[in-house]
Amino acid sequence: MSALRIGIDLGSTTTKAVVLDASGKIVATALERSEPRAGDQAQRMIAELVRKTGAEGAPVIATGYGRKLVPGASKVVTEITCHARGVFAQLGRAGLLIDMGGQDTKAILVDGTGRVADFAMNDKCAAGTGRFLEVILPRLQAPWDKLRGMYQSAPEAVQVSSTCTVFAESEVISLLANGQAVEGIVRGLHDALAERVVALAGRMLEMSKEVMLSGGVANNGAMVDALGARLGAPVTVVPEPSHVGAIGAALTPP
Amino acid sequence: MSLIRRLQYEAADRLAGPMLGRYGRLRALARRSRGKRRAGPPQLQSTRKLKELLTTHYLAGRYADGAVPVAWVTSGFPVEILRPFGFHVVYPENHAALCAVQRQGVQLAQVAEQWGVPRDTCAYARCDIGSTLAQMTPVGRIPRPDVLLACTNICQTVVYWYRTLASLLNVPLFVIDTPYQYGEPDAHAERFVARQIEEAIALCARISGVERDDGALGLVAREAKQASELWGECLAYAKRKPAPWSGFDQFIHIGPIVTLRGLPECTAYYRMLRDELSERARLGIAVVENEKHRLVWDNLPVWFELREMSQLLAREGFNIVVTTYTNGWAETAPMFDEHDPIGSAARVYSRVFINRGMGHRTALLRSLAKEWGCDGVLLHSNRSCKPYSVGQLDLASQLTRDGLRTLVLDGDHLDSRSYSKEQAEGRLSAFMESFA
Amino acid sequence: MVVTDEAIRSYLASHRGNGVVLALPVLYPREVLTALDLCGVEVWAHRTPPGCCTQGAGSMQPYLCPTVRGARVLLGQGFEGAIAAVIPHTCDSMQGLAAIGLDMGASAMPVVTFRHPRGGDRASAREFLQAELRAFIASIERIAGRKLTMDRLGDAIELHEGIDRAMRRVLRMRTCIALGDVELYRILRKREWMRASDFAFELRALEQMIDSAATPRKGIPLMVSGMVPEPSDFFEAVDAAGAYVAVDDYAAIGRRLPMHDTQEAEPIGRLIDRMMGAAPCPTRTSDPWSRVRYLVERARAARAPGAILHTVKFCEPELFDVPVLRRGLEEAGLKVLHIETEFEPQMSGQLVTRIEAFVEMLGGGDA
């Protein structure tokens, strides 16, 4: 029986898996774009990790959107609980975690023991999620890794007033047609997204000293800056931001 | 109420406000001399007086609490009953519209949203709740109320909105319920409204410590009737072809009839405006050059896009000459009867068009279109305002069958986040092209 | 037009009484329909054929609630041979729907309106309500072609009072009934479409299932407050997460029950008492803080550590109460989850996740 444990987070956009050792240290990670047959994909990813780390027989805890589809999972837990547990394992303190994924954005108030004290999640609308950027950025031909530079170099934000993804897209097209600078629009888009996140977090912001950011969007420096600017305080990017849910899953008692 | 506070209030009301208004006038002159004049005909002269009146009102408001009793009321509340008791009256709707025009509405609404008010609610309400929570307003300061007064004739939403404010401010709320009149006005509903007006008067007497004076109530009713009739005369000048002023102007000049109704300065203002419009009409001054088509507007304006929209229309020779919204303050107030101030107020406020059935609404739009010589109708489908917007799609089909060109335009009276400028302007342009 | 729910359809095939009346939520004098032996079928739009809510979008703006959008289609196309549609003044949108039905040729059946006073329980309000009830009775009499005697009305009220008592008992003893929430609510919600005498019979069967010696239900007791439990897989999600509904404050179910017995002898006065005395509801413009007090008391009695606010999308009356409810309930130590429904055929995975995470949170995060 291996002392290793496996957590897998089947997100709407990407699927993440980690292997932890008995002390909670990360032994291996994997990340793939989510496929339509989520169960098969999870099984394959787990098999590969097991082969790589020798984690035969290790318990598998599943979380995320497709959590109920993992064959042989010893436990299934929601990504809300897992994110709280994961971020607490990484940072060891209470705070407000903002997890920005492809289709969902979550605000989770984590207490001093790593438990969920309160949470909120966006409604059906994708306006406050990574999807918002995914739809609009191609219009600007702004590569992901250049966003932070563009955000910082913009002399001022071009206001993007629509929060609806479809409306915002047409707004951006017309801003470009009016000759607005791409940098300014990039800044405006991220500011609008930050506003949306703040609205989602609502009163939880008042209940926490520190805001932490995870999820795929945390790799986007422009978002980190925009959120920090809106909150008036720097935002902590959680290490391994994409894997927080999977780490929390692996730490869940099977 | 403290004496010093009272003196400050009076000084602001009588001296400082008018002076500031004049200062604004000077600034406007300076701007004009720098050559930044807007396109189109010169602004109405009365606009200066309008700014002075409203500036004075908001400035006096800063010193009102502690000096005189203060009430926050809905636009459809029988405000006349407050006048004899010396209340300073604040209109949260008017305030929200002002925030929207200055494009600060969304920012304030976001404060309310962060506090927990969901976004699928009226944006006026969110803006005012946000303003109260953050104690932020573009008018400097709003006096703390002694009482909140709401009337359901414009919507049921006001009850929720005012109740939230009442709970934040910890002041009492009194609601006058005007049951919706589906068909012909019904006596038992209007009797109910009259009884509630009596109850509200008793409450105001208690709060202000002033005794009820039926003679004074009659005089105020007469004043309100006069002002509303003058407002009606002003609106009627837009029947001239070409029209000397537009619906967009009316949205701005509606301020005093909403907020100062029943006061002599309100009546005086509309006398001045009427005279100016009469002069314009005599000289044949048109607000839109080459006026080609005339439109009716239904619903509240898209406040934050007022200028852009009016310019877009004017460029193509289109003019909005009448609106159901601005007409509302001329429609029922002539029913005021100084000899029966309470019974007549019950009728005036129950029969407001938005409190009446769709049959009335259809007839109203038809008659406005006919009397103002319009060939098209713009129906603003206002996401924030359900009572005004439900039924507009049926109205549009009916009016189309009548031979009018109609466009249902998606928008919001305050929340620019749920408004697509590109889409709206595209549809407006296509609509105008269809007249060719 | 047919209703999709097979149970309702087969019931209506043989139990139409003196005629079917389409009734829209929430509060209308159902006792009057009972007294005239009319079968009132209440529709929250979920019983309309698939696509109705979106079909309604052709003539109703998409930012109106799905109940109003769906009901618009039923009004236009007719509903199970209904002889009338009863549309109470629930909110601004419902009021608009009635106005369209009356004046814009949008209703295949006569529309009867009912206006509840919205300024609180004052003497003037009771007087208005009395006149409104009389006007309502006169309209229904005209359509049904029959006179209503006060004796019949008195009997009908008594029947409904008995139902209210039985429902309160069932909801209070909920943990001692060996039925899942899905099954229990399937029965309780028959009140919306059965004639009162038939529903009373169903309730009696349910009451007989109360077994106070039974081992109490396992799982986390929840309080739910909202309009209507739709889609019904909400209960499956709650159950799968390890919880159950211990306190019901749905406008369609528990919130309808008057809080006190009436002392009035005269039938109209009793109807007024029953309406004014129903549990606090924003559609009647009840004060949200009185709603908080009422809910906290009930949650404590049932030892529920959390509340789900289950609102209908675009429902302004409920949405404006959300911030106050959240604060009030949290101050009383309850955790609160707010979810919305648009009567979609199934709950989204996102909603299921939120419910599960909420129950995990209430369970102390040991999941």
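The values are calculated or read from the model by the stated rules, or taken from the named source; none is laboratory data. Please read these numbers as outputs of a predicted model, since none were measured by experiment. Note that we place each Cβ from the backbone using ideal geometry, even for glycine, and neighbour counts take in every protein chain shown.
Given the structure, is C:GLU340 closer than 30 Å to C:ASP5 by Cα, touching a strand residue (DSSP E or B) at 6+ places or on another chain (Cβ under 9 Å), at the interface with another protein chain (Cβ under 7 Å from one of its Cβ atoms) and buried (at least 18 other Cβ atoms within 10 Å of the Cβ)? So C:GLU340 fits the description; yes. In the set (1) surrounded by fewer than 20 Cβ atoms within 10 Å (Cβ to Cβ); (2) modelled with pLDDT of 90 or more, the condition left unmet by A:CYS164 is number (2).
The residue that is farthest from the chain's Cα centre (by Cα), among those in region C:117-136 that are assigned to a helix (DSSP H, G or I) and either among the charged types (D, E, K, R) or farther than 21 Å from B:ASP177 by Cβ (or both), is C:GLU127. Of the residues in region A:134-147, at least one is of a type in the set (Gly, Ala, Ser), away from chain C (no Cβ under 13 Å) and either surrounded by fewer than 24 Cβ atoms within 10 Å (Cβ to Cβ) or without any contact (Cβ under 8 Å) to a residue 40 or more places away in the chain (or both). Of all residues assigned to region A:112-134, at least one qualifies as being in a loop (DSSP other than H, G, I, E, B), closer than 26 Å to C:GLN350 by Cβ and of a type in the set (Lys, Arg). Can you tell me which residues in region A:194-232 are in contact with a Phe, Trp or Tyr (Cβ under 6 Å, 6 or more places away or on another chain) and surrounded by 23 or more Cβ atoms within 10 Å (Cβ to Cβ)? Within region A:194-232, just A:ALA222 meets the criteria. Considering B:GLU422, B:GLU338, which residue is out of contact with any Lys or Arg (no Cβ under 8 Å at 6 or more places or on another chain) and among the acidic types (Asp, Glu)? Unique residue meeting the criteria: B:GLU422. If you filter region B:411-433 down to residues that are at pLDDT below 95 and outside any helix (DSSP H, G or I), you find that the one that is nearest to the other protein chains (Cβ to nearest Cβ) is B:SER420. Might you let me know whether region C:293-303 holds any residue that is within 14 Å of chain B (Cβ to nearest Cβ), at pLDDT 95 or above and closer than 27 Å to C:HIS260 by Cα? Among the residues of region C:293-303, at least one is within 14 Å of chain B (Cβ to nearest Cβ), at pLDDT 95 or above and closer than 27 Å to C:HIS260 by Cα, which makes the answer yes. Would you check which residues across region A:72-102 are within 21 Å of A:SER34 (Cβ to Cβ), within 12 Å of chain C (Cβ to nearest Cβ) and aliphatic (A, V, I, L, M) and list them? Selection gives A:VAL76, A:VAL77, A:ILE80. When region C:245-269 is examined, which residues are found to be modelled with pLDDT of 95 or more, more than 25 Å from C:LEU319 (Cβ to Cβ) and touching a Lys or Arg at 6+ places or on another chain (Cβ under 8 Å)? Selection gives C:ILE268 alone. Considered as a group, the residues in region A:192-228 that are among the acidic types (Asp, Glu) and within 12 Å of another protein chain (Cβ to nearest Cβ) include one that is nearest to B:GLN110 (Cα to Cα), and that residue is A:GLU195.
In this entry, C:GLU132 passes the filter for residues that are modelled with pLDDT of 95 or more and either in contact with a helix residue (DSSP H, G or I) (Cβ under 9 Å, 6 or more places away or on another chain) or away from chain B (no Cβ under 12 Å) (or both). Scanning region C:308-321 for residues that are within 11 Å of chain B (Cβ to nearest Cβ) and either in contact (Cβ under 8 Å) with a residue 24 or more places away in the chain or surrounded by fewer than 19 Cβ atoms within 10 Å (Cβ to Cβ) (or both) yields C:LEU309, C:THR311, C:VAL312, C:LYS313, C:PHE314, C:CYS315, C:GLU316, C:PRO317, C:GLU318, C:PHE320, C:ASP321.
When region B:189-212 is limited to residues that are away from chain C (no Cβ under 14 Å) and either farther than 19 Å from B:ALA71 by Cα or of a type outside the set (Asp, Glu) (or both), the one that is surrounded by the most Cβ atoms within 10 Å (Cβ to Cβ) turns out to be B:CYS204. The requirement of being touching a helix residue (DSSP H, G or I) at 6+ places or on another chain (Cβ under 6 Å) and over 26 Å from A:LEU200 (Cα atoms) is not satisfied by A:ALA58. Condition check for A:VAL244 on (1) part of a loop (DSSP other than H, G, I, E, B); (2) more than 10 Å from every other protein chain (Cβ to nearest Cβ): one failure, at (1). Pairing each residue of region C:194-211 that is on the phi > 0 side of the Ramachandran plot with any residue that is modelled with pLDDT of 95 or more and in a loop (DSSP other than H, G, I, E, B), provided the two are 6+ apart or on different chains, yields no C-beta distance under 9 Å.
Scanning region A:4-57 for residues that are touching a residue at least 24 places away in the same chain (Cβ under 8 Å), among the small types (Gly, Ala, Ser) and either in contact with a Pro (Cβ under 9 Å, 6 or more places away or on another chain) or not in a loop (DSSP other than H, G, I, E, B) (or both) yields A:GLY7, A:ALA17, A:ALA28, A:ALA38, A:GLY39, A:ALA42. For region C:330-337, indicate whether the set of residues that are buried (at least 22 other Cβ atoms within 10 Å of the Cβ) and within 14 Å of chain B (Cβ to nearest Cβ) is non-empty. Scanning region C:330-337, I find at least one residue that is buried (at least 22 other Cβ atoms within 10 Å of the Cβ) and within 14 Å of chain B (Cβ to nearest Cβ), so the answer is yes.
The set of residues in region C:189-227 being of a type in the set (A, V, I, L, M, F, W, C), closer than 17 Å to C:ARG172 by Cβ and in contact with an Asp or Glu (Cβ under 8 Å, 6 or more places away or on another chain) consists of C:MET223, C:VAL224. Collect the residues in region B:152-188 that are touching a residue at least 24 places away in the same chain (Cβ under 8 Å), over 25 Å from B:ASP340 (Cα atoms) and more than 8 Å from every other protein chain (Cβ to nearest Cβ), keeping them in residue-number order. Within region B:152-188, B:VAL158, B:TYR162, B:LEU165, B:LEU168, B:LEU169, B:VAL171, B:PRO172, B:LEU173 meet the criteria. Among the residues in region B:257-265, are any of a type in the set (D, E, K, R), buried (at least 22 other Cβ atoms within 10 Å of the Cβ) and over 30 Å from B:ARG405 (Cβ atoms)? Yes, the conditions are met somewhere in region B:257-265. Within region A:103-124, the set of residues being surrounded by fewer than 21 Cβ atoms within 10 Å (Cβ to Cβ) and more than 11 Å from chain C (Cβ to nearest Cβ) comprises just one member, A:GLY112. Within region C:81-108, the residues that satisfy the criterion of being buried (at least 20 other Cβ atoms within 10 Å of the Cβ), more than 10 Å from chain B (Cβ to nearest Cβ) and either in a loop (DSSP other than H, G, I, E, B) or of a type in the set (A, V, I, L, M) (or both) are C:ALA82, C:ALA84, C:ALA85, C:VAL86, C:SER107.
The sole residue among B:TYR91, B:TYR162, B:TYR182, B:TYR124 that is more than 19 Å from B:VAL79 (Cβ to Cβ) and hydroxyl-bearing (Ser, Thr, Tyr) is B:TYR182.
For beta carbons closer than 7 Å, sequence separation of 6+ or different chains, a first residue in region A:165-180 that is at the interface with another protein chain (Cβ under 8 Å from one of its Cβ atoms) and assigned to a loop (DSSP other than H, G, I, E, B) and a second that is surrounded by 20 or more Cβ atoms within 10 Å (Cβ to Cβ) and of a type in the set (A, V, I, L, M), there are no qualifying pairs.
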